[in-house]
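Report on the structure given below.
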Amino acid sequence: MKVLPFIGAAAIALAFAAPVHAVDVTNEQDTDIQLTVSDSEGSELVNIAAGETVPNLCEKCKINLGEESVSVEGDQIAVIRGGKLSVRNN
């Protein structure tokens, strides 16, 4: 039995099963908000309802809320509270 093809197939399966680190955004306010999210492919408006969390928004991006902005990447969490943006690590 040849082991090499089995090892190659197992390595490919593990690569696809590896978790992707992506940024979550949580709106801890009692009101809906609208963010501008920018990454290497452009920017888009994202609406987030009061109390909602949007998982896996981006892998690396810049988030704007009004005049305020933060750069986030990986498994960080962007939090909106009191009209302000903050970042915490997961």
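Tabulated values for the structure
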| quantity | calculated |
| --- | --- |
| The listed residue being modelled with pLDDT of 95 or more and surrounded by 12 or more Cβ atoms within 10 Å (Cβ to Cβ), out of Asn47, Asn27 | Asn27 |
| Members of region 3-24 that are at pLDDT below 50 and assigned to a loop (DSSP other than H, G, I, E, B) | Val3, Ala18 |
| Region 30-60: number of residues that are part of a loop (DSSP other than H, G, I, E, B) and either within 13 Å of Ala78 (Cβ to Cβ) or in contact with an Asp or Glu (Cβ under 9 Å, 6 or more places away or on another chain) (or both) | 6 |
| Tally, over region 44-68, of residues that are among the β-branched types (Val, Ile, Thr) and more than 17 Å from Thr31 (Cα to Cα) | 1 |
| Residues of region 55-90 satisfying the condition of being over 11 Å from the mean Cα position of the chain (by Cα) and of a type in the set (Lys, Arg) | Arg81, Lys84, Arg88 |
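The values are calculated or read from the model by the stated rules, or taken from the named source; none is laboratory data. Since the structure is predicted, the reported quantities are computational estimates derived from the model, not experimental observations. Ideal geometry is used to build each Cβ from the backbone, glycine not excepted, and the neighbour counts take in all protein chains shown.
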